[in-house]
1. Calculate the FRET efficiency for Ser364 and Glu194 from the Cβ-Cβ distance with a Förster distance of 45 Å, rounded to the nearest 0.05.
2. In nanometres, what is the gap between the two model label sites at Arg308 and Tyr224, each 7 Å from Cα along Cα-to-Cβ?
3. Please report the spacing between the Cα centers of segment 274-318 and segment 81-107 in Å, no decimals.
4. What are the ³J(HN,Hα) values, in whole Hz, obtained from phi via the Karplus relation 6.51 cos²θ - 1.76 cosθ + 1.60 with θ = phi - 60°, for each residue of segment 329-340 in sequence order, with x given for Gly and Pro?
5. Modelling each spin label as a point 7 Å along the Cα-to-Cβ direction, I'd like the Arg338/Met50 distance in nm, to one decimal.
6. Roughly speaking, what % of Cα-Cα pairs in segment 144-315 are separated by over 29 Å, rounded to a whole number?
7. Could you list Thr248, Thr122, Thr210 in order of exposure, starting from the residue whose Cβ has the fewest other Cβ atoms within 10 Å?
8. Which angle from 0 to 90°, rounded to the nearest 10, does the C-alpha axis of helix 255-277 make with the longest principal axis of the chain?
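Every number here is computed from the coordinates shown, using simple stated rules; none is lab data. In this text the structure is predicted, and so the values were computed from the model without any measurement. With ideal geometry, Cβ positions are generated from the backbone for all residues, glycine too; neighbour counts draw on all protein chains shown.
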Amino acid sequence: MKIAGAISGTSLDGIDVAICDVVANGEGVSVQCDRFATIPFDDALRARIMAAYPPAPIGALEVSALHAAVGEAFGNAIATVAAGTSLDAVASHGLTLAHDNVSRHTLQVGDAFRIRERVNATVIYDFRSADTAAGGTGAPLVPFVDAILFGDKAPYVALNLGGIANMTVLPEEIAFDSGPANLPIDTYVTARTEGAQHYDNDGNLARSGTTDPGLLARMLDDSYFVQLPPKTTGREQYGAPFIARWRTALDALALSDAVATLTALTVHSVADAFRKAAPRAKLLIVSGGGARNPALVEGLRALLDGIRVVISDEFGVNADAKEAIAFAVLGYTTLRGRAAGLPRVTGAAGPRVLGSIAPHELLSLLERVREEELGGTARSV
């Protein structure tokens, strides 16, 4: 079954779209990514999104307008990447505009019906609300798919370095957000260069700078790092408010030194979380945009002596595409009517079927899903 997985993460670098073949494989699924691309946001839309993040005082009318505009952008991006390929379904995570880990509510924008208008396929969306309604944190959801993609490599940790760093420990099925990844780096670089740069390209700034040990120690003295799972975090904690808190101290350093210090914050917080959560693991599989930042990857290798740190590409999973692939799998799981939430990970009252459906010829689609379950030929990752 041809399913497009789509997501825009906390880094806000664009819309990730993976065109995948997903089929039933016994109780599980098999997935193969045929095509992947990241479609950047239009500058004006990106600016509107940035201006809407909490604690921005925007009104409901602007939230509604953003929901529509982001949906149109997602639909256009998926149609572009599909490039004439007939899709059976789309699984869209959308874009997280707000997420409250403590109060258990979340909001992903990106109108699924506007996506449907542009791709002429059923759209599965709103994957997190079923878990938060059951008392869970709503994140992370990708650990369900990590076990499918890398399960035979256990014991190991799958680490995704997007805006936020999240890790899955297998076979223990422990998963949580360890803290920041690219988000504070990107936010600070954008602010200090007044928009001339939006990220640390190839880790060049961090690699040419020197970490300030005193500032790093103060940043690591953060109550989030000592919280026990289940836990999740986001832009509200490690985006603009975090940089505002530390802006004076960072601006007192050269730009390269400030970025080196923020990079070290990610490396140290991830390494500390790895040691605490996965004492048996000897393998760390890294994906996400941060997998392309040598300063982050080399820093992890230096701190995690004796641990094999590899990019997920080595196991046939495009590091940039992994989360989009994950939502293609989650969408297919929804169509099968099977639970994908992991209560041990999120703290929900029990496993839940995730997602809502914007239907397009849904009866025919569900019949094909059922046929695959009964006798489809599985394709490997």
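1. 0.30
2. Result for the modelled spin labels: 3.2 nm.
3. Between the Cα centre of segment 274-318 and that of segment 81-107, the gap is 26 Å.
4. The phi angles translate into 5, 4, x, 5, 5, 4, 4, 7, x, 10, 6, 10 Hz.
5. Those two pseudo-labels are separated by 4.2 nm.
6. Percentage above 29 Å: 16.
7. Thr248, Thr210, Thr122
8. 60
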